[in-house]
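Input: a single structure, listed below in structure tokens.
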Amino acid sequence: MASSKEEWQRYQEALRQGDKAAAATAFQRYLEAKKAEGKGGSRPTLVNLGTKAKDYPNAIPLEDIPAVMQEKPEFFDLLRRIAGK
Amino acid sequence: MPTVLALPDFDLSTRCASGWLLRWILPRLEPAHLFGILDRRFAFQFFAPQSDIIIMTGHGGVDVITGQNEAVILAVGKYDPREVRGKVFKLLSCQCGVALGPDLIKNGASSVAAYVDDYVWVTDADLASTPWADKMAATSLMPVIDGINALLDGKTAKEAFTLELEGYTRNAEIEEDELIKSCLEFNKRNAILLGNEGATIRARPKITLPFAPPPILIPL
């Protein structure tokens, strides 16, 4: 298995290309690699302080991110701004 | 002099952000602490004119910041300038630096530190009852705490803002988790300081923190 760093780079590349399916798969693999390395809290969750006007939830468990990024275009855009540089 | 510290507490993100302010900032301030159900517009209207600094967390957007259950506290064009005139603002929320921050400055606020995009971080949901023990959240929220404490020490808005940015940089450099690192860099890119960079508030007494047992939070 590749390291979480390598999987993260694949995830970033997929974000840059705007490929939701590839980004979701890459993020899933990143989480698996991180788990194999023994990192992360017991229930890590990505949170934000946006209002309900957004199309995505304020708290998304990391394991749910691949599904949410495919369903919610605004969330995918947020992820691109966070990590797709 | 009461100090407005707005702390909604109704979901994981407000619980976490408010928890850090409760643990590290509240003990230095005179009440009025708008915690939980007290974080409403009427309480803000009552206390804000008497406060030299207004520290708020809560869900927000480009033109609004909200309190408990997303009740609107401040929205562009919908407040009395008396509530904001001469005050130093710290808005820990999403996107308030886009329109709300400039509107506060236009209406007489001394300075506004906010963010022009979402404020994001990774937290451990299992630590919702003791958010200040969350080391993942600390990477992002501790720089905010350091910046606010600098204001309370009497430093200028610019000095406090720089301290927060340096905190993100320092934590990102040593962070091994790529997602957390990206969140730190994202928050740093989106932090903005508006108004008078030399603005200061009355310095509060320095105390060794944490000096008291942590607050008790009921489970979400």
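Select from B:Val98, B:Trp121, B:Leu12 the residue farthest towards the positive end of the dipole of the protein assembly as shown; place +1 on Cβ of Lys and Arg, -1 on Cβ of Asp and Glu, and compute about the Cα centre.
It is B:Val98.
Near A:Lys35, which lysines are there with a Cα under 26 Å away, not counting those fewer than 8 places off in the same chain?
Hits, sequence-local ones excluded: A:Lys5, A:Lys20, A:Lys72, A:Lys85, B:Lys135, B:Lys181.
For a protection proxy built on the mean count of beta-carbon atoms within 10 angstrom, sort A:53-60, B:107-114, B:57-64 highest first, please. Walk me through the intermediate numbers first.
On the way: A:53-60: 17.4, B:107-114: 23.1, B:57-64: 24.6.
Going from most to least packed, we get B:57-64, B:107-114, A:53-60.
What dipole magnitude, in Debye to the nearest 20, does region B:1-143 give about its Cα centre under +1 on Lys/Arg Cβ and -1 on Asp/Glu Cβ?
On the way: 12 positive and 15 negative charges, 93 e Å.
Here the size comes out at about 440 debye.
Can you tell me how region B:1-145 classifies by the Cα gyration tensor, rounded, prolate or oblate, using a/c under 1.5 as the rounded cut? Provide the component values of the computation, followed by the final result.
Values: a/c = 1.77, a/b = 1.46, b/c = 1.21.
Verdict is prolate for region B:1-145.
Just to compare against my own numbers: the Cα pair-distance distribution for the protein assembly as shown, 20 Å bins, whole % per bin, please.
P(r) over the protein assembly as shown, rounded to whole percents: 35, 56, 9, 0.
If contacts are Cα pairs under 8 angstrom and at least 6 residues apart, what is the relative contact order of chain A in percent? Kindly include the intermediate steps, with their values, before the conclusion.
Numbers: 98 pairs, mean separation 27.5, N = 85.
Relative contact order, chain A: 32 percent.
In the protein assembly as shown, what % of DSSP beta bridges are antiparallel (nearest 5)? Mind dumping the intermediate values first?
Values: 18 of 35 bridges.
Taking every DSSP beta bridge within the protein assembly as shown, about 50 percent pair in antiparallel fashion.
How much mean residue ellipticity at 222 nm does chain B get from its helices, if each DSSP H run of length 4 or more adds -39500 (n - 2.57) and you divide by all residues, to the nearest 500 deg cm²/dmol?
Working: 6 runs with 76 residues, N = 220.
Rounded to the nearest 500, the figure is -11000 deg cm²/dmol.
Along the charge dipole of region A:4-83, pointing to its positive end and built from +1/-1 on Cβ of Lys, Arg, Asp and Glu, which listed residue (A:Gln17, A:Ile82, A:Ala33) has its Cα farthest out?
A:Ile82
Taking all pairs of different Cα atoms in region B:96-220, averaging 1/r and flipping that mean, what Kirkwood radius in angstroms comes out? Don't skip to the answer; put the middle values down first.
On the way: mean 1/r = 0.0632 Å⁻¹.
That comes to 15.8 Å for region B:96-220.
For chain B, set up a GNM with springs between Cα atoms under 10 Å and report which of B:Cys96, B:Cys16, B:Cys183 has the largest fluctuation.
B:Cys183
In terms of the ratio Rg/(2.2 N^0.38 Å) built on C-alpha atoms, what value belongs to region A:4-83?
Working: Rg = 12.3 Å, N = 80, 2.2 N^0.38 = 11.6 Å.
Rg over 2.2 N^0.38 Å, computed on Cα atoms: 1.06.
So what is the relative contact order for region B:3-195, in percent, with contacts set as C-alpha pairs under 8 Å and at least six apart?
For region B:3-195, the relative contact order is 19 percent.
Can you return the aspartates and glutamates within cross-link range of B:Lys188? Criterion is Cα-Cα under 12 Å, with same-chain partners fewer than 8 residues away left out.
Result set, ordered by chain and number: B:Asp117, B:Asp118, B:Glu164, B:Glu166.
Please give the calculated 222 nm ellipticity per residue for chain A, where each DSSP H segment of at least 4 residues contributes -39500 (n - 2.57) and the sum is spread over every residue; nearest 500 deg cm²/dmol? Mind showing how you got there, number by number?
Working: 4 runs with 49 residues, N = 85.
-18000 deg cm²/dmol, from helical runs alone.
Let me know the mean shielding of B:115-126 by other chains, meaning the per-residue number of their Cβ atoms within 10 Å of its Cβ.
6
Taking the Cα centre as origin and putting +1 on Lys and Arg beta-carbons and -1 on Asp and Glu beta-carbons, what dipole magnitude results for the protein assembly as shown, to the nearest 20 debye? Please list the in-between numbers first.
Working: 36 positive and 39 negative charges, 138 e Å.
Taking the Cα centre of the protein assembly as shown as origin, the dipole is about 660 debye.
Taking the dipole about the Cα centre of chain B, with the C-beta of Lys and Arg at +1 and of Asp and Glu at -1, give me whichever of B:Leu163, B:Ile55, B:Pro219 is farthest to the positive side.
About the Cα centre, the residue reaching furthest to the positive side is B:Ile55.
What is the calculated FRET efficiency for B:Lys78 to B:Glu176, with r their C-beta to C-beta distance and R₀ = 41 Å, to the nearest 0.05?
Numbers: r = 44 Å, r/R0 = 1.08.
The value I calculate is 0.40.
How big is the charge dipole of region A:4-83 about its Cα centre, in debye rounded to the nearest 20, if each Lys and Arg gets +1 on its Cβ and each Asp and Glu gets -1 on its Cβ?
Working: 14 positive and 12 negative charges, 41 e Å.
My answer is approximately 200 debye.
Taking GluC sites (Glu not before Pro) that fall in a DSSP loop and have at most 16 other Cβ atoms within 10 Å as cut points, what is the longest piece of chain B between them? Walk me through the intermediate numbers first.
Working: sites that count: B:Glu176, B:Glu197.
The longest such stretch corresponds to B:1-175.
What's the local net charge at A:Lys52, with K and R +1, D and E -1, over the other residues with C-beta under 15 Å away? Numbers along the way, then the final one.
Details: positive: A:Lys54, A:Lys72; negative: A:Asp55, A:Glu74, B:Asp11, B:Asp63, B:Glu70, B:Asp118.
With Lys, Arg at +1 and Asp, Glu at -1, the net is -4.
With θ taken as phi - 60° and the coefficients 6.51, -1.76 and 1.60, list the Karplus ³J(HN,Hα) couplings across region A:58-67 in order, rounded to whole Hz; mark glycine and proline as x.
Per-residue couplings from phi come out as 7, 9, 10, x, 4, 5, 8, 4, x, 6 Hz.
Would you mind telling me the antiparallel percentage of the DSSP bridges in chain B, rounded to 5? Spell out each step's value before the answer.
On the way: 10 of 26 bridges.
Around 40 percent of the beta bridges assigned by DSSP in chain B are antiparallel ones.
In peptide B:128-141, how many Cβ atoms from other protein chains are near each Cβ within 10 Å, on average? Please list the in-between numbers first.
On the way: counts 3, 0, 0, 0, 0, 0, 2, 1, 4, 3, 0, 0, 1, 0.
Taking the mean over all residues of the peptide, I get 1.
Residue by residue through B:83-96, how many Cβ atoms from other chains fall within 10 Å of the Cβ on average? Don't jump to the answer; show the numbers that get you there.
Values: counts 0, 0, 0, 0, 0, 0, 0, 0, 1, 1, 4, 7, 4, 1.
Taking all residues of B:83-96 together, the mean is 1.
Rounded to the nearest 5, what % of the DSSP beta bridges within region B:38-151 are antiparallel ones?
On the way: 5 of 13 bridges.
Taking every DSSP beta bridge with both residues in region B:38-151, the antiparallel ones total about 40 percent.
Read-outs throughout are calculated quantities, based only on the coordinates presented, and are distinct from any laboratory measurement. Please read these numbers as outputs of a predicted model, since none were measured by experiment. Don't worry about glycine lacking a Cβ; one is built from the backbone with ideal geometry, like all the others, and counts go over all protein chains shown.
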